[in-house]
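Shown below is the structure under consideration.
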Amino acid sequence: MFENLTDRLSRTLRNISGRGRLTEENIKETLREVRIALLEADVALKVVHDFVNRVKETAVGHEVNKSLTPGQEFVKIVKKELIAQMGGVNNALNLATQPPAVLLMVGLQGAGKTTSAAKFGKFLKEKYKKKVLLVSADVYRPAALKQLEVLATSAGIDCFPADAIGKPLDIVNQALKQAKLKFYDALIVDTAGFLHIDKEMMSEIKQVHAAINPIETLFVVDAMTGQDAANIAKVFHEALPLTGIVLTKVDGDARGGAALSIRQVTGKPIKFLGMGEKTEALEPFHPDRVASRILGMGDMLSLIEDIETQGNHEQAKKLANKVKKGDKFDLTDFLEQLKQMRKMGGMASILTKLPGVGQLPENVKWQMEDKFFIRMEAIINSMTVKERAKPEIIKGSRKRRIALGSGVQVQDVNRLLKKFDEMQRMIKKLKKGGIVKMMHTMKGMDNVEFR
Ligand code: GDP
Ligand code: MG
């Protein structure tokens, strides 16, 4: 996500030298670099211009905090402006209406409407415990109806059985009736995409909008369209009262132009990010967290949420209880923790969210995941129950046997035992909360960096 922008900004922002105040002189070169970085990220020209001016106005004459370098002080200012640029705060979905709350997905073809409709279904079902009905009004491509159905089924959500001979307006009216009749909390309406902005399609979607009166009209747009995303959103907004934007395919977008332009060009908030093809790859958009990511500070808060939703709660609780009771944290627990981390998308996915890790070369990240991780599990698997419970008995001959059994060197076994020892010490310090608490502690560290 936004790697190019992050690389460029984190390189240039380190270059500010001098002490005391930030002056026009000592930020001039860096400001120029920021400008270029934003243009390269495909941020709209006017947005770049305004942004750079705001940063300059704030920065010049700004007193540098004694404990910071001017570079750090400048980063703080840039971060604050980035947050403001993206709307400041998170805008949650509005569901405050007489049920069913209707969500309408609009946007160009291929933007990710159908995928996002299913993602929202899952999100509302799991986070808000809502009973959700999905419906597709994309009658132009029979495959599109099927696509939503398949996604809905895999996410365990009901899908209104639309058929390709119906008219979009009839379909949505029927679906809404059904949703009321069967007490659904939310109805998510997927629509046909246009290849271009098309008058007829636009009038159709206006009719659909009028018929179902959605509380959320979400414009879905592919982040990789860069600043064009903002322009397309503007055209849609002139036809329909959009309530928010879903920026998709952010996982593949190295530039970040859309995220920075859309708010200013449309006046509408980005509410969610699509981070992958799977139905769980939906993240609420938090300007502060994204700004941190852009500046290479990692994203502790998202990480914590990942852990909280995807991590095994039961397991975490059990561990927390163990720690509280003063029971020993043994290698079996350690193995569980490793597995849990793997469930969260592996070490590489966790690592990229940690401060400073954004810059690790791809192959190193990959190695972290593969060698380090899978090996550790293999090593523990080769231990006897007794060894797992009492690692201190693992000496020379046992080490050799374990190494042989798991196809690694004795040093690897040593390394694992050392890691385990560190982990055990860390766990001891925690009164409760297991890994989540540990991440909270790390989040604290993240803030210290820029205070
Ligand atoms: P629609 O025409 O607007 O309904 O778009 P679809 O939902 O059919 O999505 C078009 C393609 O983009 C599909 O192959 C999706 O799997 C893919 N896609 C959608 N959202 C994302 C995302 O957030 N990340 C990635 N990598 N792919 C996505
Ligand atoms: Mg579709």
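The values are calculated or read from the model by the stated rules, or taken from the named source; none is laboratory data. Just so it is clear, the model here is predicted, and its values are computed rather than measured. Note that each Cβ is placed from the backbone with ideal geometry, even for glycine, and that neighbours are counted across all protein chains shown. These accessible areas exclude ligands, DNA and RNA; they are computed on the full protein's heavy atoms, side chains included. Shrake-Rupley method; radii C 1.70, N 1.55, O 1.52, S 1.80 Å.
So with the 1.4 Å probe, I'd like the accessible area per residue for the range 63-159, rounded to whole Å².
Working: 4110 Å² over 97 residues.
Counting only protein heavy atoms, the per-residue value for the range 63-159 is 42 Å².
Still on this structure: Dividing the Cα convex hull volume of the range 85-179 by residue count, how many Å³ per residue is that?
Values: hull volume 11.4 nm³, N = 95.
Given the Cα convex hull of the range 85-179, per-residue volume reads 120 Å³.
Moving on to the next point. Distance in nm between label sites at Glu63 and Asp251, each 7 Å beyond Cα in the beta-carbon direction?
Label at Glu63, label at Asp251, 4.8 nm between them.
Mind checking the alpha-carbon convex hull of the range 92-134 and giving the volume per residue in Å³? Write down the numbers at each step before the final one.
Values: hull volume 3.3 nm³, N = 43.
It comes to 78 Å³ per residue, whole-number rounded.
Also: Which of Lys395/Lys418; Lys130/Lys268; Lys129/Lys182; Lys119/Lys271; Lys249/Lys271; Lys122/Lys268 have a Cα-Cα distance over 22 Å?
Numbers: Lys395/Lys418 13 Å; Lys130/Lys268 26 Å; Lys129/Lys182 16 Å; Lys119/Lys271 13 Å; Lys249/Lys271 14 Å; Lys122/Lys268 24 Å.
In this structure, Lys130/Lys268; Lys122/Lys268 exceed 22 Å between Cα atoms.
Moving on. Which whole number of Å³ per residue matches the convex hull of the alpha-carbon atoms in the range 213-267?
Hull volume over Cα atoms, normalised by residue count, gives 62 Å³.
Counting only Cα atoms, I'd like the Rg/Rh figure for the range 233-291, Kirkwood definition for Rh.
Numbers: Rg = 11.7 Å, Rh = 12.1 Å.
That ratio equals 0.97.
Another question about this same structure. Heavy atoms only, probe 1.4 angstrom, no DNA, RNA or ligands counted: give me Phe183, Phe74 ranked by accessible area, highest first.
On the way: Phe183 160, Phe74 0 Å².
Heavy-atom accessible area, descending, gives Phe183, Phe74.
Expressed as a fraction of 2.2 N^0.38 Å, the rule-of-thumb size for a compact globular protein of N residues, what is the C-alpha radius of gyration of the range 131-287? Each step should come with its number before you reach the end.
Working: Rg = 15.7 Å, N = 157, 2.2 N^0.38 = 15.0 Å.
Ratio of Rg to 2.2 N^0.38 Å for the range 131-287: 1.04.
Follow-up. At 4 °C and a viscosity of 1.567 mPa s, what translational diffusion coefficient does Stokes-Einstein give for the range 168-232, taking Rh as the Kirkwood radius over Cα pairs? Give it in µm²/s as a whole number. Before the final figure, lay out each step's value.
Values: Rh = 13.5 Å.
Approximately 96 µm²/s, per Stokes-Einstein.
Sticking with this structure for a sec: Send over the Kirkwood Rh of the range 49-99, from the inverse of the averaged 1/r over different Cα pairs, rounded to one decimal Å.
Numbers: mean 1/r = 0.0763 Å⁻¹.
Result for the range 49-99 stands at 13.1 Å.
Explain nothing, just the number: dipole magnitude of the range 81-145 about its Cα centre with +1 on each Lys and Arg Cβ and -1 on each Asp and Glu Cβ, in debye rounded to the nearest 20. Show your work: numbers first, answer last.
Values: 9 positive and 3 negative charges, 76 e Å.
With Lys and Arg at +1 and Asp and Glu at -1, about 360 debye.
Probe radius 1.4 Å, ligands and nucleic acids left out: which of Tyr128, Tyr184 has the largest accessible area, and how do the rest follow?
Values: Tyr128 95, Tyr184 20 Å².
The residues order as Tyr128, Tyr184, largest area first.
Translational diffusion coefficient, Stokes-Einstein: compute it for the range 201-241 using the Kirkwood radius over C-alpha pairs as Rh, at 10 °C and 1.306 mPa s, and state it as an integer in µm² s⁻¹.
Details: Rh = 11.1 Å.
It comes out at roughly 143 µm²/s.
Could I ask something else about it? When 1/r is averaged over all different Cα pairs and the result inverted, which Kirkwood radius in Å belongs to the range 3-155?
On the way: mean 1/r = 0.0520 Å⁻¹.
Taking every pair of different Cα atoms in the range 3-155, averaging 1/r and inverting gives 19.2 Å.
At a Förster radius of 56 Å, what calculated FRET efficiency corresponds to the Cβ-Cβ distance of Lys28 and Ala210, to the nearest 0.05?
According to the calculation, E is roughly 0.60.
Asp198 to Leu181: extension gain in nm, 0.36 nm per residue of separation minus the Cα-Cα distance?
Values: separation 17, 0.36 × 17 = 6.12 nm, distance 3.44 nm.
Working it through step by step, the gained length comes to 2.7 nm.
Please calculate the 1.4 Å probe accessible area of Arg141, with all protein chains present, and give it to the nearest 10 Å².
Estimated to the nearest 10 Å², Arg141 gives 100 Å².
Another question about this same structure. If one computes the Cα centroid of the range 393-423 and of the range 135-159, what distance in Å separates the two points?
The range 393-423 and the range 135-159 have Cα centres spaced 51 Å from each other.
Sticking with the crude label model, points 7 Å out along Cα→Cβ, report the distance from Asp7 to Ala92 in nm, one decimal please.
For Asp7 paired with Ala92, the spin-label model returns 3.8 nm.
Would you mind calculating the gained length between Asp50 and Lys418 on full extension (0.36 nm times residue separation, minus the Cα-Cα distance), in nm to one decimal? Intermediate values should be presented prior to the final figure.
Numbers: separation 368, 0.36 × 368 = 132.48 nm, distance 5.19 nm.
Extra length from Asp50 to Lys418 when fully extended: 127.3 nm.
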